[in-house]
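Engineer: Quick one: the structure is below, questions incoming.
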Amino acid sequence: MRSIYRYILLFAAVLTLQGCTHNDGGPHELYGQWKLMSMEKDGINVPGYTGNIFWSFQSSTIEMKEVKFMNEVSRNFGNFRLTDQTLYLSFPYDDFIPPVILGLPREAEMEVVSLKGSEMILSYGTPATFYTFHRW
């Protein structure tokens, strides 16, 4: 009788510790939080950016978080979709728009220049602004 309880306990432990490896039905290399390390336009850092913006990806939702003076946080929520080498962003609600310093409209198609491990480089516009992120 004791061995049956051990097997049941072992089975329950395996199920509990198995954990999720897929999010919303499949793996996604963007999931998690990314810190915007730098923005460059024409090879020059965009003036005024202080390294205080984070992007978080979950399911089809993106959160752009801007940490301001005295740790005040501005959160902006939208939708994203990654297709081939293009990241589509959409901020359909007036209350949630990308931070102004990013220079992004409410609907944007960004080119994925690089997405390897913990580094991501995106570009937008002509001439292109390059956004370099590190997984946080």
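Only the coordinates and a few stated rules stand behind these numbers; no lab work does. Keep in mind that this is a model prediction, so the values were computed, not measured. Quick reminder, even Gly has a Cβ in these numbers, built from the backbone with ideal geometry, and neighbours come from all protein chains shown.
Engineer: What distance in nm separates the two pseudo spin-label positions at Lys41 and Leu82, each 7 Å out from Cα along the beta-carbon direction?
Structural biologist: Between Lys41 and Leu82, the simple spin-label model gives 2.6 nm.
Engineer: Would you please give the FRET efficiency between Val100 and Ser59, computed as 1/(1 + (r/R0)^6) with r the Cβ-Cβ distance and R0 = 35 Å, to the nearest 0.05?
Structural biologist: Values: r = 26 Å, r/R0 = 0.75.
Between Val100 and Ser59 the formula returns 0.85.
Engineer: Then there's this: Please work out the C-alpha center-to-center distance from region 99-136 to region 47-73 and express it in whole Å.
Structural biologist: That distance is 13 Å.
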